[in-house]
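First comes the structure, then the notes that go with it.
The values are calculated or read from the model by the stated rules, or taken from the named source; none is laboratory data. A quick note: this is a predicted structure, and the numbers were derived from the prediction, not measured. FYI the Cβ positions are ideal-geometry reconstructions off the backbone, even for glycines, and counts take in every protein chain you see.
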Amino acid sequence: MALPAQDAASLIAAASRLRAEVARRIVGQEDVLDEILMALLAGGHALLTGVPGLAKTLMIRSVAEAMHLDFRRIQFTPDLVPSDITGTELLEEDTATGHRSFRFVRGPVFANIVLADEINRAPPRTQAALLEAMQEHRVTAAGQTMTLPEPFFVLATQNPVEQEGTYPLPEAQLDRFLFDIRIGYPTADDEVSILRQTTGAAGAPLTPVLDADTTRALQQAVRAIAASDTALRYAASLARATRPDAPEATDLVRRYVRWGAGPRAGQALILGAKAHALLAGRVHVAPDDLLRVARPVLRHRVLPNFAAESEGVTAERIVDDLLQKVSAPRSGFEP
């Protein structure tokens, strides 16, 4: 179903207000902020990777503060257990009657926006508890299945430098994240602005500009963005070109890739491109939309082999080469 022009204009304006409100607090990192918003509007989850001190947690808190949504933060540690995330049963006694009964206390995953801070610090079974909730949007505990609130959005962070005492996410679990967002150091001017902003008087709190209903409407609007058959075929070509045994594979992929992206990558490319189109004020997917989201979609779904690791060839370089080799069709994207 096509998105009516009037509805599209109001929803695009709402997304722009959210971006502007968060930008009041976050200096620079425009691309990172846009990728977080694209993942949110596409109804997916995002993994933020960057060294300490680059405002990963502050950025996520700011997005949550600018929205009328329930927000919870989970600090992942080696002693965290699944019930710390999903909830636990408590035995309660009625002091008047002496009757005892169990009551389920919901964990922090029952929120609209969940910050999983340093997700690679927790053991695999605890990571799996969160990843199951991400995939199914529900939790099974105490013998019953409970639906998570909508919208439900997980932003996980991890530090790529310090690996001692960490539990790296398996490739199959990484695939659950729509985007793998990489955060780099700020520019010289941005760093000066950060020092000015963070060492003076405390700034004013952000004003919430979106509620749950508007967020769900934005997510539905993203689904209604038009993607032509040409756009779908281009997305499929990008995903297939990451597979070393596919005829579409590039030379670099055949030489350095152990395992390529699955069909979920194509879905992520289309949804991410639709979200980018909406943020850009358009109601159909263009080639630039797919190119913009290709790196955060593919970089964690392309698994380099031993030869790549020994020669210093990263997944990022493989994806960049792929985007140069797999050219976009020149026409056929307009509805």
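Looking across A231, A227, A239, one residue alone is within 14 Å of D321 (Cα to Cα) and within 25 Å of the chain's Cα centre (by Cα). It is A239. Can you find a residue that is under 18 Å from the mean Cα position of the chain (by Cα), surrounded by fewer than 16 Cβ atoms within 10 Å (Cβ to Cβ), within 16 Å of L40 (Cβ to Cβ) and free of Cβ contacts under 8 Å to residues at least 60 places away in the same chain anywhere in the range 168-178? No, the range 168-178 contains no residue that is under 18 Å from the mean Cα position of the chain (by Cα), surrounded by fewer than 16 Cβ atoms within 10 Å (Cβ to Cβ), within 16 Å of L40 (Cβ to Cβ) and free of Cβ contacts under 8 Å to residues at least 60 places away in the same chain.
Residues being surrounded by fewer than 21 Cβ atoms within 10 Å (Cβ to Cβ), over 19 Å from the mean Cα position of the chain (by Cα), assigned to a loop (DSSP other than H, G, I, E, B) and of a type in the set (S, T, Y) are represented in the range 93-112 by at least one member. Within this structure, L18 passes the test of being buried (at least 16 other Cβ atoms within 10 Å of the Cβ) and farther than 19 Å from D190 by Cβ. Condition first: modelled with pLDDT of 85 or more and among the basic types (K, R). Can you find one or more residues in the range 64-78 that meet it? Within the range 64-78, one or more residues are modelled with pLDDT of 85 or more and among the basic types (K, R).
For A277, the criteria (1) out of contact with any strand residue (DSSP E or B) (no Cβ under 7 Å at 6 or more places or on another chain); (2) in contact (Cβ under 8 Å) with a residue 40 or more places away in the chain; (3) among the aliphatic types (A, V, I, L, M) hold in every case but one, which is (1). Once the range 280-335 is narrowed to residues that are polar (S, T, N, Q), without any contact (Cβ under 8 Å) to a residue 24 or more places away in the chain and loosely packed, with under 13 Cβ neighbours inside 10 Å, the residue that is farthest from R243 (Cα to Cα) is S310.
The set of residues in the range 232-249 being out of contact with any strand residue (DSSP E or B) (no Cβ under 8 Å at 6 or more places or on another chain) and at pLDDT 90 or above consists of L232, R233, Y234, A235, A236, S237, L238, A239, R240, A241, D245. Residues in the range 47-99 that are touching a Pro at 6+ places or on another chain (Cβ under 8 Å) and basic (K, R): R72, R73. Just need a number here: residues in the range 187-214 that are farther than 20 Å from E21 by Cβ and in contact (Cβ under 8 Å) with a residue 24 or more places away in the chain. Of the residues in that region, 1 qualify. For P186, the test of being touching a Phe, Trp or Tyr at 6+ places or on another chain (Cβ under 6 Å), surrounded by 15 or more Cβ atoms within 10 Å (Cβ to Cβ) and of a type outside the set (K, R) is failed. For the range 302-312, the candidate set comprises residues that are within 15 Å of T250 (Cβ to Cβ) and in a loop (DSSP other than H, G, I, E, B); within that set, the residue that is nearest to the chain's Cα centre (by Cα) is V302. Screening the range 284-294 for residues that are touching a strand residue (DSSP E or B) at 6+ places or on another chain (Cβ under 8 Å) and not in a strand (DSSP E or B) and picking the one that is modelled with the lowest pLDDT gives V285. Counting only helices (runs of 4 or more DSSP H) that sit wholly inside the range 209-277, those with at least 2 residues that are touching a Phe, Trp or Tyr at 6+ places or on another chain (Cβ under 9 Å) are 229-240. Under 6 Å by Cβ, and 6 or more places apart or on different chains, what pairs join a residue from the range 89-115 that is without any contact (Cβ under 8 Å) to a residue 24 or more places away in the chain with one that is assigned to a loop (DSSP other than H, G, I, E, B) and of a type in the set (S, T, N, Q)? Matching pairs, first to second residue: none at all. Within the span defined as the range 313-326, every residue fails to be among the charged types (D, E, K, R), out of contact with any Pro (no Cβ under 8 Å at 6 or more places or on another chain) and not in a helix (DSSP H, G or I).
Number of residues in the range 54-88 that are touching a residue at least 40 places away in the same chain (Cβ under 8 Å), in a loop (DSSP other than H, G, I, E, B) and more than 18 Å from the chain's Cα centre (by Cα) equals 5.
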